[in-house]
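Structure first, commentary second.
Please treat every number below as a calculation from the coordinates, not as lab data. Owing to the predicted nature of the structure, the values given are computational and were not obtained by experimental measurement. FYI the Cβ positions are ideal-geometry reconstructions off the backbone, even for glycines, and counts take in every protein chain you see.
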Amino acid sequence: MVASEREFEKISEKVMKEAEADEVEVRIIQSDTALTRYANSQIHQNIGQEDIDISIRAVFGQKTGAASTNSIKEESIIDCLSKAETIARYQKTDPNFKGLPEPIEMEKIPENHVDQTAKFTPDERAEKVKDIIEMAKSEGIDRVYGAFQTQEQNLFIANSKGVRRFSRFTSANLTTTAIADWDNDQGFGWSESCSDDVRDIDHMDVGSTAVEKGLNNMETRDIDLGEYDVVLEPLAVKSILQYMDMMGFSGKKVQEERSFMTGKFGEKLMDERVNIYDDVSDPDMIGYPFDYEGVPKQRVDIIDEGVANEVVYDSYTAGREEGKESTGHALPMPNPMSPLAMNLLMDTGDFSQEEMIEETDKGILVTRFNYCRPVHPVKGILTGLTRDGTWLIEDGEVKHPLNNLRFTQNLIEAFNNIEAIGEKRKLFAMGFYPAYFAAPALKISDFNFTGSTEF
Amino acid sequence: MRDLVEFGIKELEDKDVRYGDIRLSKINTEVISVKNDTVEAIKNSESEGYGIRVIDGGWGFASSADLSTEGIQKTIKRARKIAKASSKASDPIELKEIDIYEDDYTTPYKKDPFEVSLEEKLDYLIDVNKRMDIDDRIKVRKCDFRAWKTKKFFASTEGSMIEQNLVKTGGGCNVNVSDGEDTQKRSYPNSFGGDFNSKGYEFFESLELLENAEETAQEGVDLLDAEQCPEGKMDIILNTNQLALQVHESCGHPTELDRALGTEASYAGTSFMTPDKLGELKYGSEMVNIVSDPTAEGGLGTFGYDDEGVKAKKVDLIKDGMFVGYQASREGAEKVGVDVSGSMRADGWKNLPLVRMTNINLEPGDWSKKEMIEETDKGIIFDGIKSWSIDDKRLNFQFGTEAGYLVEDGEVTDLIKNPTYTGITYEFWRNCNAIAGEDEWKLHGVPNCGKGEPPQTMQVGHGCAPSRFKDIRVGVGKW
């Protein structure tokens with residue numbers, strides 16, 4: 001990384017000094033991303049990216065404008081400020097905008113920054129990938145796929161009201177797909193691991209889990225469509241949490257009556273064992289301690305013992321409701337997606353995955369879901385397909401693999417039909433936006449499968 | 001910019017890499033969103049940098065925003081180091097030979113969208129927003145404008161030097177309605193923020209948002225009281241805004257050669273259209289012809305050259321219903337023995353080029369939509385993207401649209417809500433029994449196609465005319 005906190009402060013001070021706006025905010029995100037992709041047991045894409053984004057929000061009264069640049073040259077930054085101010089001047093007054101956030105004292109939370117992750121080299125990534133390739137080959141699989149990513153990020157936020165935040169962050173993520181492929185048959189298997197510390201990534205465990213699943217997923221069979229008990233592994237549960245988050249947990253969506261939480265606060269929505277909350281300070285979670293407006297992230301108990309309890313806010317959506325404060329869940333503003341729960345956890349239960357299977361007469365074990373999309377977000381209806389390992393459970397045992405199945409299911413009903421919650425949870429990263437989820441395995445009854453595919 | 005690119009190529013030649021290319025670009029973006037008469041977002045972004053690809057043992061790629069000669073040298077060093085690491089687990093890389101060009105290309109456009117005053121754009125969007133304010137059950141009224149301008153240079157150690165200036169513009173409007181019991185959405189001219197083309201501000205004007213705002217809002221309200229989509233099997237007619245996505249998901253993605261060869265297996269998935277099926281698979285009915293065409297006028301995936309320096313050209317993917325071609329990179333084309341298609345594109349300067357759709361177009365037929373309706377006993381017309389999902393080999397799909405219209409005894413009768421349909425790709429396209437003609441053919445822009453790791457978003461185009469498919473399962477799930 002080329003810039004330090006002091007250099008960011010200098011940029012910010014320059015902007016504050018030159019600004020004509022009533023209020024101004026400077027947000028700087030600097031990142032270095034390294035990723036090694038492998039396919040057909042070969043490294044085929046291998047990259048290193050560095051970039052910086054300097055975003056300026058200017059405010060005149062209740063009019064805001066924003067501009068960004070990735071140049072750290074002084075003239076570019078001043079030009080960026082000028083664009084933001086010009087936009088703000090042309091803007092229309094927004095009565096709902098109550099100003100940039102005020103500074104709030106926050107407890108010092110340890111950074112999720114690990115030097116070993118930041119300094120992990122292309123050679124080290126390639127060696128780990130090679131280990132997985134060779135291990136898979138020794139098991140008869142010569143087609144493994146995946147990606148090993150390490151990332152370092154600096155986030156700096158300052159505004160003219162006195163907010164000053166800086167934090168560093170690292171993440172490491174390894175995925176493996178193993179494809180057993182012989183006798184005109186294919187078996188797909190998957191595993192992944194995520195941490196802020198690359199030393200926590202047990203690459204051989206990831207690789208061997210994927211290989212084992214691939215080997216056990218050949219000669220797949222069809223099954224009649226309909227409602228089944230399902231045992232969802234943590235990655236499958238993560239997909240459900242992710243879409244619940246997008247469809248329901250934002251203050252903005254509630255305000256616009258686009259959330260399944262709208263009008264339901266205080267009501268029991270789900271099984272009473274369900275606790276879903278956003279808490280970056282939880283030991284099982286990683287992320288920045290503050291949001292993209294510099295507001296400290298608060299724990300938000302979204303579903304509390306099955307009851308719709310609260311949702312997340314940024315400063316704008318909080319300003320639209322009497323007595324509300326930002327919970328620290330702003331995305332980089334302006335942003336139609338904001339606010340968003342970005343560090344979501346579900347409480348664990350008492351069951352091992354093995355116990356869930358043992359207590360199932362007839363059901364389906366799901367490794368993960370693919371291409372989920374809301375069908376009716378306000379009703380909480382989601383569709384998607386199983387992927388990389390789906391098995392029939394009969395009489396308490398995993399019997400044989402199944403062709404992938406499509407579900408079309410009301411998630412609220414599904415979370416009312418929970419029969420068991422896993423005793424451990426696993427951390428997962430989202431690809432497209434900076435969010436993390438910690439999810440346990442779940443056993444759910446009457447899960448509705450509406451279609452099937454050919455593999 | 002050109003000087004820096006030339007410096008980089010000389011450095012790569014001096015380092016004696018087997019192959020190297022540099023893509024330097026400057027991208028300006030303007031986004032305006034107006035919601036419920038207030039401006040939700042206005043942002044002007046500028047990003048400039050370069051990506052360097054090398055073959056030096058294996059593949060290596062590094063990108064940076066450091067626009068100094070030292071920055072170029074440092075980034076080449078990083079790319080080479082990465083390439084050396086790749087060689088620990090990589091077979092020799094061969095690239096298909098291509099024609100080498102020194103050329104330039106500029107998007108034909110009339111009005112520069114960045115030169116139109118912010119005030120004019122804002123006032124227009126607010127007018128559209130107000131025009132949609134027709135009923136208390138409308139909770140959200142939203143209008144969007146987006147424009148992109150890219151100046152980029154591509155140069156390679158093989159001698160390419162290409163400058164391109166690309167302009168894209170578009171927008172749309174939509175409403176979310178709620179009566180406390182149900183919620184619906186209606187958009188114009190399409191979801192994902194509207195419709196987009198490689199044209200100037202004149203394209204945004206041609207969308208006529210103001211003229212269509214009230215009708216869009218009214219239909220959103222009407223959906224609240226509409227009947228639920230029936231369950232069963234029947235004929236369906238897809239309007240172009242939905243058919244564009246059907247083409248995208250069930251033909252565009254599976255004919256990407258990198259997917260077919262497995263290089264997206266761990267993320268986006270693979271393809272049922274594997275090389276052994278090339279020339280053998282009956283993909284659709286004989287009337288189905290689908291092409292990759294980055295030369296299509298105004299398409300969101302239109303350009304002069306791709307990010308490997310391959311000149312844009314039209315390629316057959318499906319001919320008379322048969323699977324006959326791939327979207328292929330130089331490396332993939334060499335591996336399988338097919339031609340390059342000019343489809344390698346990267347999201348900005350920072351990312352590695354991947355096989356990406358350009359304009360994947362369903363060629364027009366000789367029907368009219370009116371004739372299709374008249375010759376349908378029982379069916380549904382689907383309009384406006386709402387939900388889309390497909391498996392990782394691109395076989396089983398399920399789509400939902402914002403609105404449906406029942407067709408009974410050759411006439412359009414009722415509006416229906418939550419319409420969904422599902423099928424298996426090749427069965428669906430084999431059941432295509434009518435495609436409308438050129439006068440109903442429309443080129444839509446999809447601005448949000450995701451692929452790759454780290455994730456990349458690409459702008460692609462899809463041209464099509466309303467088409468009919470027989471005996472399709474509709475009305476999926478419990479409501």
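Any idea what Rg and Dmax come out to for chain A if you just take the C-alpha atoms, in Å?
According to the Cα coordinates of chain A, Rg and Dmax are 23.6, 72 Å.
How high is the relative contact order of chain A? Use alpha-carbon pairs under 8 Å, at least six apart in sequence, and give a whole percent.
That works out to 14 percent.
If you take the charge dipole of segment B:2-225 about its Cα centre, with +1 on Lys and Arg Cβ and -1 on Asp and Glu Cβ, which of B:GLN218, B:SER33, B:SER87 is farthest toward its positive end?
B:SER87
Toward the positive end of the charge dipole of the protein assembly as shown, about the Cα centre and with charges on Cβ (Lys, Arg +1; Asp, Glu -1), which of A:GLY451, A:ALA420, A:LEU100 goes farthest?
A:LEU100
Pick out, from A:ILE29, A:SER208, A:ASN40, the residue whose Cα sits farthest towards the positive end of the charge dipole of segment A:5-215, with +1 on the Cβ of Lys and Arg and -1 on the Cβ of Asp and Glu.
Value computed over the given set: A:ILE29.
Can you compute the modelled spin-label distance between A:GLU105 and A:SER76, with each label point 7 Å from Cα toward Cβ, in nm?
Taking the two extended label points, one gets 3.9 nm.
Please report the Cα spread of chain B along all three principal axes, rounded to whole Å, starting with the longest.
Largest to smallest, the principal-axis extents are 71, 56, 37 Å.
Given the protein assembly as shown, what percent of its DSSP beta bridges are antiparallel, to the nearest 5?
Counting only bridges with both partners in the protein assembly as shown, antiparallel ones make up about 90 percent.
Could you tell me the center-to-center distance, by alpha carbons, between segment B:339-358 and segment A:320-355 in angstrom?
Segment B:339-358 and segment A:320-355 have Cα centres spaced 35 Å from each other.
Put a dot 7 Å past each Cα toward the Cβ at A:ASN184 and A:GLU267; how far apart are the dots in nm?
Placing both labels 7 Å along Cα→Cβ, they lie 5.4 nm apart.
Could the peptides B:294-305, B:198-209 be put in order, highest first, of the mean number of other beta-carbon atoms found within 10 Å of their residues?
B:294-305, B:198-209
Pull out the extension gain between B:GLU70 and B:GLU181, defined as 0.36 nm times the separation in residues minus the alpha carbon to alpha carbon distance; nm, one decimal.
In short, 33.8 nm is gained.
Enumerate the amide H contacts of B:GLN228 below 5 Å, restricted to partners 5 or more residues apart or on another chain; note that Pro and chain-start residues carry no placed amide H.
Those lying under 5 Å, H to H, from B:GLN228 are B:LYS417.
Under 16 Å between alpha carbons, and skipping anything fewer than 8 positions from B:LYS470 in its own chain: which aspartates and glutamates qualify?
Partners within reach: B:GLU231, B:ASP235, B:GLU286, B:GLU371, B:GLU374, B:GLU375, B:ASP377, B:GLU408, B:ASP409, B:GLU427.
Can you give me the pair-distance distribution of segment B:149-259, C-alpha pairs, 5 Å bins, whole percents?
Result returned by the calculation: 2, 9, 11, 13, 16, 16, 12, 8, 5, 3, 3, 2, 0.
Please compute the net charge surrounding A:PRO103, taking Lys and Arg as +1 and Asp and Glu as -1 over other residues with Cβ under 10 Å from its Cβ.
Net of charged neighbours comes to +1.
Students often check this: by mean Cβ neighbours within 10 Å, which of B:66-73, A:243-250, A:338-345, B:159-166 ranks highest, and how do the rest follow?
A:338-345, A:243-250, B:159-166, B:66-73
Which value at 222 nm does the protein assembly as shown reach when only helices count, each DSSP H run of 4 or more adding -39,500 (n - 2.57), with the total divided by all residues and rounded to the nearest 500 deg cm²/dmol?
Helices in the protein assembly as shown give a 222 nm mean residue ellipticity of -6500 deg cm²/dmol.
Take every DSSP beta bridge with both residues inside chain B and express the antiparallel ones as a percent of the total, to the nearest 5.
Numbers: 116 of 130 bridges.
DSSP beta bridges in chain B are roughly 90 percent antiparallel.
Fully extended, how many nm does the chain gain between B:LYS110 and B:ASP320 (0.36 nm per residue separation, minus their Cα-Cα distance)?
Full extension from B:LYS110 to B:ASP320 adds 71.9 nm.
Please give me the summed charge of the neighbours of A:ILE223: other residues whose Cβ is under 15 Å from its Cβ, Lys and Arg +1, Asp and Glu -1.
-4
With charges only on Cβ, +1 for K and R and -1 for D and E, what is the dipole size of the protein assembly as shown about its Cα centre, in debye, rounded to 20?
About 1860 debye.
Would you work out the Kirkwood radius for the protein assembly as shown? I mean one over the mean of 1/r across all pairs of different Cα atoms, in Å.
Computed over Cα pairs of the protein assembly as shown, the Kirkwood hydrodynamic radius comes out at 28.3 Å.
How large is ³J(HN,Hα) for each residue in segment A:126-131, as worked out from phi by the Karplus curve 6.51 cos²θ - 1.76 cosθ + 1.60 (θ = phi - 60°), to whole Hz, x for Gly and Pro?
For segment A:126-131, the Karplus curve yields 4, 5, 5, 5, 4, 4 Hz.
For chain B, which cysteines have no second Cys with its Cβ under 4.7 Å from theirs?
Within chain B, the cysteines lacking a partner Cβ under 4.7 Å are B:CYS229, B:CYS251, B:CYS432, B:CYS449, B:CYS464.
Take every residue in peptide B:178-185, count the Cβ atoms of other chains within 10 Å of its Cβ, and give the average of those counts.
Mean partner shielding for this stretch: 4.
How big is the dipole moment of segment A:220-455 about its Cα centre under a simple scheme where the beta carbon of each Lys and Arg is +1, that of each Asp and Glu is -1, and everything else is neutral? Debye, nearest 20, please.
1000 debye
Under 8 Å for C-alpha pairs, at least 6 residues apart: give me the relative contact order for segment B:2-225, rounded to a whole percent.
The value is 21 percent.
Name the residues of segment B:434-461 whose amide N is less than 16 Å from a point 7 angstrom out from the Cα of B:GLU374 along the C-beta direction?
Within reach of a label on B:GLU374: B:434-437.
What does the structure give for A:259-265 when I average, per residue, the other chain Cβ atoms found within 10 Å of the residue Cβ? Walk me through the numbers before you get to the answer.
Working: counts 1, 1, 0, 4, 2, 0, 0.
The shielding value for this peptide is 1.
Just to confirm the number: angle between the C-alpha axis of helix A:74-90 and the first principal axis of chain A, 0 to 90 degrees, nearest 10?
90 degrees
Report the trypsin sites (Lys or Arg not before Pro) located in segment B:441-479 that are in a DSSP loop and have at most 14 other Cβ atoms inside 10 Å of their Cβ, or state none.
B:LYS478
Can you work out the PRE-style zone for B:ASN448? Point 7 Å along Cα to Cβ, and I want the residues of segment A:221-249 with backbone N under 15 Å.
A:243, A:246-248
Would you mind giving the mean number of other chain beta-carbons within 10 Å of the Cβ of each residue in B:13-19, as a whole number? Walk me through the intermediate numbers first.
On the way: counts 0, 0, 0, 0, 0, 0, 0.
Average neighbour count from other chains, rounded to a whole number: 0.
What is the sum of charges around A:ALA21, taking Lys and Arg as +1, Asp and Glu as -1, for the other residues whose C-beta is under 11 Å from the C-beta of A:ALA21?
-3
Read phi for every residue in segment B:83-97 and hand back ³J(HN,Hα) as whole Hz from Karplus 6.51 cos²θ - 1.76 cosθ + 1.60, θ = phi - 60°, with x for Gly and Pro.
Per residue, the Karplus-derived 3J(HN,Hα) values read 4, 4, 4, 4, 5, 5, 9, 8, 6, x, 9, 10, 10, 5, 5 Hz.
So, with +1 on the Cβ of K and R and -1 on the Cβ of D and E, and no other charges, what is the size of the charge dipole of segment B:400-461 about its Cα centre, to the nearest 20 debye?
420 debye
Sorted by average packing, counted as other Cβ atoms within 10 angstrom per residue and highest first, what order do B:88-99, A:47-58 take?
Descending mean neighbour count gives A:47-58, B:88-99.
Rg to Rh ratio, segment B:228-474, alpha-carbon atoms and Kirkwood radius?
0.97
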